[in-house]
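A short write-up of the structure that comes next.
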Amino acid sequence: MIGRLNHVAIAVQDIEAASALYRTTLGADVSEPVAQTAHGVTTVFITLPNTKIELLEPLGSDSPIRSFLDKNPSGGIHHVCYEVDDINAARDKLLADGARVLGNGEPKIGAHGKPVLFLHPKDFCGTLVELEQA
Ligand code: CO
């Protein structure tokens, strides 16, 4: 059911410093920061030949990644995103198999303008999983 690894998301305290690290020290192709007010994060995308890295910095006082950074003050891998062809069919299969879909179960429009869902990390080896309709 899942296809390509769309991105790995890394939560950071300072997106400018993290961008400079990837751009200068690692020599990667790094986008400018974009404030995603609807999602409570600022994002930077790093384009690699085979996938992307998504840097996430908290935006606003009730950012959904704030508690993660409180537990992981150096930053850390926050989620992985896999592509699916049909997000509603994927959700229905996962629910039938007993997996928990976060929120109300309806896909939301994610940072790439495509429908996304998040799956409970306790059901997936301790890893928050994002599904994106490719
Ligand atoms: Co993501």
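The values are calculated or read from the model by the stated rules, or taken from the named source; none is laboratory data. All values derive from a computational prediction rather than experimental measurement. So basically every Cβ, Gly included, is an ideal-geometry build from the backbone, and we count neighbours across all protein chains shown. The area values use the complete protein model at the heavy-atom level, side chains included, leaving out ligands, DNA and RNA. Shrake-Rupley method; radii C 1.70, N 1.55, O 1.52, S 1.80 Å.
In what order, largest first, do 122, 93 sit by accessible area if the probe radius is 1.4 Å?
Values: 122 165, 93 100 Å².
Ranked from most to least accessible, the order is 122, 93.
Using only protein heavy atoms and a 1.4 Å probe, report how much of residue 2 is accessible, in Å² to the nearest 10.
Per-residue accessible area (residue 2): approximately 90 Å².
Enter the per residue convex hull volume of segment 76-133, computed from alpha-carbon coordinates, in Å³ rounded to the nearest integer.
Values: hull volume 4.7 nm³, N = 58.
Cα-based convex hull of segment 76-133, divided per residue, equals 81 Å³.
To test your reading of the geometry: what angle, between 0 and 90 degrees and rounded to tens, separates the Cα axis of helix 87-96 from the longest principal axis of the chain?
Approximately 60 degrees, to the nearest 10.
With charges only on Cβ, +1 for K and R and -1 for D and E, what is the dipole size of the chain about its Cα centre, in debye, rounded to 20?
Computed charge dipole of the chain: roughly 200 debye.
Taking a ≥ b ≥ c as the square roots of the eigenvalues of the Cα gyration tensor of the chain, is the shape rounded (a/c under 1.5), prolate (a/b larger than b/c) or oblate?
prolate
Can you spot the lysines whose alpha carbon is less than 28 Å from residue 114's alpha carbon? Ignore those fewer than 8 places along the same chain.
Counting by Cα, and skipping residues close in sequence, residue 114 has these lysines nearby: 52, 93, 122.
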